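The structure under discussion is supplied below as C-alpha cells; questions concerning it will follow.
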Amino acid sequence: MRCTMIVVGSEGTADGSVVICHNHEALPAIPQRLDIVLRKAHAEGETRYCGFETIPQVPVTHAFVGDRYWPEPGPQGDFCSGVNEWGVTITCNGQSSREPQPPAETGIPWHFQTELPMERAKTAREAVDLLGWLVDTYHCPPNPDFDIIGGESSWVVADQTEAWYIECSYRHWVARTVRPGELLALCNRYSIDGDFDLASADVVSYAKEQGWYDADSDGPFSWKDAYGIEEFQNAPVYRHLEAGMRAQLEPKWGSITLEDCFAAMRDHGEGTPLCPDVKSPNVCPDPDQETDKSCLTAWRPLRPYCSALTCASFVYHLRSDLPPDVGVTMWYHMATSCSSGNVPIFPGVTALPAAFVTKAVSAEADEYSAWWRFKTLATAVDGDFPKCHPIVNAAWTEFERDEFNALPAVEGRAAELLKSGQMAGARDLLSDFTIARLEQAYRLAVSLQEQVAGLTGGPAAAERA
C-alpha cells in the first residue's frame with residue numbers, strides 16, 4: 001500500500017474547518033466498494049474476530065460508512081477508511097519499521113485496526129487510545145502481500161474538535177495532535193520526531209535496548225530516526241511527494257477550500273521528477289510499476305500523487321459549528337482522481353446505490369461494479385491524456401460545482417430537522433442527496449466514456465442500472 005495524506009489545520013481553511021485528504025493506492029489498483037455497517041448491540045461474553053486474533057466485544061458497536069476492498073474479508077480484513085455516526089473519521093498509510101517482524105499470522109492487521117475505531121470510538125481521542133491498545137496488546141502482523149512495505153501503519157483520526165496523527169511499528173506507537181496552524185503532508189515514511197503527545201510506555205527504552213538510540217550521542221529522542229528504515233526515510237519519492245503536496249496548498253494558507261484540496265489530490269506534479277512525461281501523467285515512470293512487486297522498494301520508482309495506482313480518494317471536511325450528521329462529510333470518489341468526481345457522503349447515510357456496494361466478481365473488469373466503471377474511464381483517458389483529460393476534467397468540475405451550489409440548502413434543512421429532533425428525517429434527506437449524486441456520477445462516467453471512445457476509437461460504455 002503506497003498512499004498519501006494531507007491534513008489542513010483549522011487556521012489554514014477558509015471556513016475554519018479541518019480537512020483531511022487521502023489518496024489510497026495499491027499495486028496494482030484494487031477494486032473498491034462502499035459499505036454501511038449498522039449500529040448493533042452485543043451480548044455479554046461475545047468476542048470480535050480480528051484476523052489472527054479474537055478480542056472482547058463491546059456492548060454496542062457504532063454505525064459507520066466506509067470504503068473496502070472487493071473480496072470477502074479474509075484474515076487481513078478489508079476496510080480502508082470511513083466515518084462513523086459520531087463523526088469520527090479515520091484513514092491510513094502503510095509504513096515499515098526496523099523493528100523485527102513478529103511471527104506470521106499473529107496480531108491484528110491494519111484493515112481491522114482501521115475498522116475497529118469506527119465501530120467503537122465516539123471521539124478522536126478514544127480512537128487514538130484504542131489504536132494504541134491494539135498495537136501494545138496484540139501487535140501488527142507482517143504483511144504477506146508486500147515484499148518491502150510492512151504490516152505497520154500510520155493513521156489520521158479526527159472528530160469535529162481535534163485531529164490526531166498516529167504512527168506505529170509492529171509493537172510500538174506514537175501519536176500527536178494536529179495543531180490548528182499546521183499543514184501535514186504524509187507518505188509511507190515516518191514523520192513524527194520527538195514531538196509526540198502519547199506513546200507506548202517503552203518506546204524509548206526499547207529503542208535503547210536495540211541500539212537504535214543513545215541519548216549521549218543522539219540528543220533528544222526521535223521516533224522517526226530510531227524506528228524508521230533509512231532507505232524509506234531518505235527516499236526521493238517521499239521527499240518529492242511531501243514537498244509537492246505542501247507546494248499545492250501553502251500559498252493558499254488561510255483561504256484553502258475544498259476545491260483546492262480536490263485539485264491537490266488530482267495533481268501529478270507536472271514538470272517535476274514525479275511526472276517527467278506530461279503526456280501520460282498517470283503512468284508511473286518505472287515501466288515495471290504495474291507488475292513487479294520489487295518496485296515497492298520505495299527508493300526505486302517515483303510516482304505522482306494521482307496515478308493509475310489510485311484505488312479511491314477521500315477528502316474529509318470537519319466543521320465544528322454543525323451537528324456531526326451535517327458537519328462531517330466524506331467526499332469520495334473511486335479510481336484515478338483526475339478522471340473521477342467527488343460526491344459528499346454523510347455519517348448517517350442509510351442507503352447507497354447498488355453499483356457502489358456491489359462486490360466485484362473478481363479483480364478483472366466487472367460491468368456491474370461502479371469502481372470498474374470509473375477505472376475503465378480512467379484507463380481510456382490515459383490512452384490519450386492530452387486530448388481526453390480536458391473534456392473529462394471540465395465535466396467533473398461542473399459536476400462538483402453543482403454539488404457546492406445545492407449543498408447549503410440541503411444541509412440547512414437537515415440541520416433544522418436535527419434541531420427539532422427529527423434525526424431519521426435528516427438522515428433520509430442527506431442519504432437521498434448522496435444517492436442521487438452517486439447515481440449522477442455513474443451516469444456521467446458512462447457518458448464520458450462514450451465521448452472518450454469517440455476521440456480515441458476505444459470501446460463505448462454499456463450503462464447498467
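Could you run through the stretch 401-415 and say how many residues are more than 20 Å from ALA441 (Cα to Cα) and out of contact with any helix residue (DSSP H, G or I) (no Cβ under 8 Å at 6 or more places or on another chain)?
Number of matching residues: 2.
Anything in the stretch 407-434 that is small (Gly, Ala, Ser), without any contact (Cβ under 8 Å) to a residue 24 or more places away in the chain and part of a helix (DSSP H, G or I)? List them, or say none.
ALA409, GLY412, ALA424, GLY425
Okay, moving on. State all residues of the stretch 436-451 that are in contact with a Phe, Trp or Tyr (Cβ under 9 Å, 6 or more places away or on another chain) and either outside any helix (DSSP H, G or I) or among the aliphatic types (A, V, I, L, M) (or both); if no residue qualifies, say none.
LEU438, ALA441, LEU444, ALA445, LEU448
Find all pairs meeting these conditions: Cβ atoms under 6 angstrom apart; at least six residues apart or on different chains; first residue within the stretch 234-245 and farther than 20 Å from SER97 by Cα; second residue of a type in the set (A, V, I, L, M).
Pairs that qualify, where the first residue is farther than 20 Å from SER97 by Cα and the partner is of a type in the set (A, V, I, L, M), are HIS240/LEU274; MET245/ILE6; MET245/ALA185.
From the residues in the stretch 135-187 that are among the acidic types (Asp, Glu) and within 20 Å of the chain's Cα centre (by Cα), which one is modelled with the lowest pLDDT? Working first, answer last.
Taking the stretch 135-187 first, the residues among the acidic types (Asp, Glu) are 136, 145, 147, 152, 159, 162, 167, 182.
Pick out the ones that are also within 20 Å of the chain's Cα centre (by Cα) and you get 145, 152, 159, 162, 167, 182.
Details: ASP145: 59, GLU152: 90, ASP159: 98, GLU162: 96, GLU167: 98, GLU182: 97.
Out of the qualifying residues, it is ASP145.
Here's another thing I want to ask about it. Just to be sure, is GLU11 among the charged types (D, E, K, R), buried (at least 21 other Cβ atoms within 10 Å of the Cβ) and under 28 Å from TRP331 (Cβ atoms)?
Numbers: among the charged types (D, E, K, R): yes; buried (at least 21 other Cβ atoms within 10 Å of the Cβ): no; under 28 Å from TRP331 (Cβ atoms): yes.
Considered against the rule, which asks whether it is among the charged types (D, E, K, R), buried (at least 21 other Cβ atoms within 10 Å of the Cβ) and under 28 Å from TRP331 (Cβ atoms), GLU11 comes out as no.
Moving to a separate point now. Using the structure shown, decide if ARG33 is farther than 19 Å from PRO141 by Cβ, touching a strand residue (DSSP E or B) at 6+ places or on another chain (Cβ under 8 Å) and modelled with pLDDT under 95.
Yes.
Among (1) in contact with a His (Cβ under 6 Å, 6 or more places away or on another chain); (2) more than 26 Å from GLU242 (Cβ to Cβ), which single condition is PHE64 missing?
(1)
Also: Can you name the residue in the stretch 28-46 that is farther than 22 Å from ALA370 by Cβ and among the aliphatic types (A, V, I, L, M) and, of all such residues, is surrounded by the fewest Cβ atoms within 10 Å (Cβ to Cβ)?
As a first pass, look at the stretch 28-46 and keep what is farther than 22 Å from ALA370 by Cβ: 39-46.
Next, only the ones that are among the aliphatic types (A, V, I, L, M) stay: 41, 43.
Numbers: ALA41: 9, ALA43: 7.
Checked the stretch 28-46; the qualifying residue surrounded by the fewest Cβ atoms within 10 Å (Cβ to Cβ) is ALA43.
Let me ask something additional. Do we have any residue at all in the stretch 106-113 that's among the hydrophobic types (A, V, I, L, M, F, W, C), surrounded by 24 or more Cβ atoms within 10 Å (Cβ to Cβ) and part of a helix (DSSP H, G or I)?
yes
Please determine, by comparing only the residues of the stretch 306-359 that are touching a Lys or Arg at 6+ places or on another chain (Cβ under 6 Å) and modelled with pLDDT of 95 or more, which one is nearest to MET245 (Cα to Cα).
VAL343
Something else: Which of the numbered conditions does ARG98 fail, given that it passes all the others? Conditions: (1) over 16 Å from the mean Cα position of the chain (by Cα); (2) over 17 Å from SER191 (Cβ atoms); (3) surrounded by fewer than 24 Cβ atoms within 10 Å (Cβ to Cβ).
It fails just one condition, (2).
Could you please let me know if SER369 is more than 19 Å from the chain's Cα centre (by Cα) and either on the phi < 0 side of the Ramachandran plot or outside the structural domain of HIS268 (by TED's automatic domain parsing) (or both)?
On the way: more than 19 Å from the chain's Cα centre (by Cα): yes; either on the phi < 0 side of the Ramachandran plot or outside the structural domain of HIS268 (by TED's automatic domain parsing) (or both): yes.
Yes: the conditions hold for SER369.
Could you tell me whether the stretch 179-189 includes any residue that is of a type in the set (Asp, Glu) and either within 24 Å of TYR238 (Cα to Cα) or not assigned by TED's automatic domain parsing to the domain that holds PHE232 (or both)?
Yes, the conditions are met somewhere in the stretch 179-189.
Per-residue answers, yes or no, for (1) surrounded by 24 or more Cβ atoms within 10 Å (Cβ to Cβ); (2) farther than 22 Å from VAL19 by Cβ; (3) out of contact with any Pro (no Cβ under 6 Å at 6 or more places or on another chain); (4) in contact (Cβ under 8 Å) with a residue 60 or more places away in the chain:
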residue: MET118; (1), (2), (3), (4): yes, no, yes, yes
residue: ALA121; (1), (2), (3), (4): no, no, yes, no
residue: ARG125; (1), (2), (3), (4): no, no, yes, no
residue: PRO141; (1), (2), (3), (4): yes, yes, no, yes
residue: ASP159; (1), (2), (3), (4): yes, no, yes, yes
residue: ILE166; (1), (2), (3), (4): yes, no, yes, no
residue: LEU183; (1), (2), (3), (4): no, no, yes, yes
residue: SER191; (1), (2), (3), (4): no, no, yes, no
residue: ASP195; (1), (2), (3), (4): no, no, yes, no
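The values are calculated or read from the model by the stated rules, or taken from the named source; none is laboratory data. Keep in mind that this is a model prediction, so the values were computed, not measured. Quick reminder, even Gly has a Cβ in these numbers, built from the backbone with ideal geometry, and neighbours come from all protein chains shown.
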